[in-house]
1. Can you tell which of Asp284, Asp306 is assigned to a helix (DSSP H, G or I), in contact with a Cys (Cβ under 8 Å, 6 or more places away or on another chain), over 16 Å from Thr391 (Cα atoms) and of a type in the set (Asp, Glu)?
2. Among the candidates Ile217, Ile246, Ile319, single out the residue that is out of contact with any Lys or Arg (no Cβ under 7 Å at 6 or more places or on another chain) and more than 23 Å from Ile371 (Cβ to Cβ).
3. Select the strands (runs of 3 or more DSSP E) contained entirely in region 18-106, then report the ones holding at least 3 residues which are free of Cβ contacts under 8 Å to residues at least 24 places away in the same chain.
4. Quick check on my filter: what residues within region 382-404 are in contact with a strand residue (DSSP E or B) (Cβ under 8 Å, 6 or more places away or on another chain) and part of a loop (DSSP other than H, G, I, E, B)?
5. Among (1) surrounded by 19 or more Cβ atoms within 10 Å (Cβ to Cβ); (2) free of Cβ contacts under 8 Å to residues at least 12 places away in the same chain; (3) not aliphatic (A, V, I, L, M), which single condition is Arg294 missing?
6. Considering each residue of region 193-251, count those that are over 30 Å from Thr148 (Cα atoms), of a type outside the set (S, T, N, Q) and assigned to a loop (DSSP other than H, G, I, E, B), and give that number.
7. Pairs under 7 Å by beta carbon, first residue farther than 25 Å from Thr340 by Cβ in region 389-414, partner assigned to a loop (DSSP other than H, G, I, E, B) and among the hydrophobic types (A, V, I, L, M, F, W, C), six or more apart or different chains?
8. Collect the residues in region 467-492 that are assigned to a helix (DSSP H, G or I) and surrounded by fewer than 18 Cβ atoms within 10 Å (Cβ to Cβ), keeping them in residue-number order.
Amino acid sequence: MILLCSNGLTSYELLQEARKYVGSAKKAALVVTADPEYKEKNYHVDRCCRQLAYLGLEVDIFDFDTQPAGNLSAYGVVELMGGNPYYLLDSIRKHNAGDVLRGVAEKGLLIGWSAGALVLEKTIALADRYLPQLNFMGLGDLAGLGLTDVQILPHYSKQQKQDAATEEKCRQYERENQCTVLRLNDGEGVVLDGEPRVIRSAMSVEVAGVGFINPLIAASGTFGFGREFAELYPLSLLGGVSCKGITIKERPGNPPPRVTEAPGGMLNAVGLQNPGVDHFVREDLPWLSKQGTRVVANVAGNAPEDYCETVEKLNGTSIDMVELNISCPNVKQGGVQFGTTKEGVFGITSEVRKHCKKPLMVKLSPNVTDISEMAVAAEAAGADAVSLINTLTGMRIDIRSRRPIIRNNTGGFSGPALLPIALRMVWQTAQKVKIPIVGLGGISTWQDAVEMLLAGAAALQIGTVLFTDPYAPQKILEGLTRFMEEQGIKSLSELTGGVRPW
């Protein structure tokens, strides 16, 4: 069986599709030959290994230039990486690997993505319309391996952004060659098991021009920078990660104790402990940006100039979006003071908007009289989206010592008990603004996720549930998939704002 895709198994749907065909295979070979410059140092290698390991496979790195092609016949799963299709095709020919790959497809699972997918087709001539400069070895014969007549154009949406003539070039190619080209975005693929079957991402959503492969974003402060969770599953399973709140300088956070349980959730006053924006850009972002998921940088500060300086340092980086944290109740100065009045929200948002070149999302506090009015102010000031709700201010007291359990006295309350409040606030806000809403607060199950979407959210953040069940994202995605199938829902976005009030 052959699976052609655009960027590896970078969606829940593709991972589940591949799982069907792994069978009894224990080991997989990841062929890195397509990228002559980096080979095993290519940053995609680690991501692909994690994705294959998620399927229960032990992964070996394989290179046609240094290992006998015949060795691949021992593997039940083989994945051809992206990179340079000309170089990969040339290497396959030189090492007589075509028949071996055909044999893998007949008895197991052969995955090809980007360059790896192109060489499995009958020709790689389509690549000449877009990236002829990759043919540095002067390959004249562009006939592919012919394992399938299906032709794909990978990274379609990315290519469109880089070249406005992408669609016309593709149509011209189709006319000249009397064929049909499948345009695949990242996270999409085509299964060649009998009749070709296209795998689209039914759960993909868009927020402020940023495409997410599914609506689940790990909420800021609950996921760190993702390294610990990446040991459990590939982060490409998530639509995105909202990073630990980042400030202009390193912050030690509040003194302990700063976390305690509470009925229906937890109370925390961590106090925005973080290594500072320079450390984040230098040490954390390079790794996170290679994990196949969207990166949202949550930015906090004590004064407007702190926010502005921080976002300026992020402008030239690979982050996909800035989340402006003006609603943290766990610090004694800054943040929340800007988010409790319409004037404050408008002022800080408009000031940051002048400096921020990335899509800007404002995270709103529920500790206000009317959160929808705060959203209106953010929209008027130039926000591209809003996220809500942040934590409610709460308190717990040790009855023996008569002191607050948390050293900060108060903290932010989060967890399942927040869901009804968050739903109400998202619903109210959806009546007032036109920009997208990312809903959060108490989401623990797929049913919660559906409710939040119906209330008006375009995407979701999940947080506190990750402390008790780090596999919650997978369970929520599984439940959403079943629900969509049962309800005949073709696109998850159909649910957004679908509530029918009495």
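Please treat every number below as a calculation from the coordinates, not as lab data. Bear in mind that the values here come from a model prediction, so they are computed numbers and not experimental data. With ideal geometry, Cβ positions are generated from the backbone for all residues, glycine too; neighbour counts draw on all protein chains shown.
1. Exactly one of Asp284, Asp306 is assigned to a helix (DSSP H, G or I), in contact with a Cys (Cβ under 8 Å, 6 or more places away or on another chain), over 16 Å from Thr391 (Cα atoms) and of a type in the set (Asp, Glu), namely Asp284.
2. Ile246
3. none
4. Gly382, Ala383, Asp384, Ile389, Asn390, Thr391, Met395, Arg396
5. Status for Arg294: all satisfied but (2).
6. 21
7. Asp398/Ile405
8. Taking region 467-492 first, the residues assigned to a helix (DSSP H, G or I) are 467-468, 472-487, 492.
Listed by number, the residues that qualify are Phe467, Thr468, Lys475, Glu478, Gly479, Arg482, Phe483, Glu485, Glu486, Gln487.
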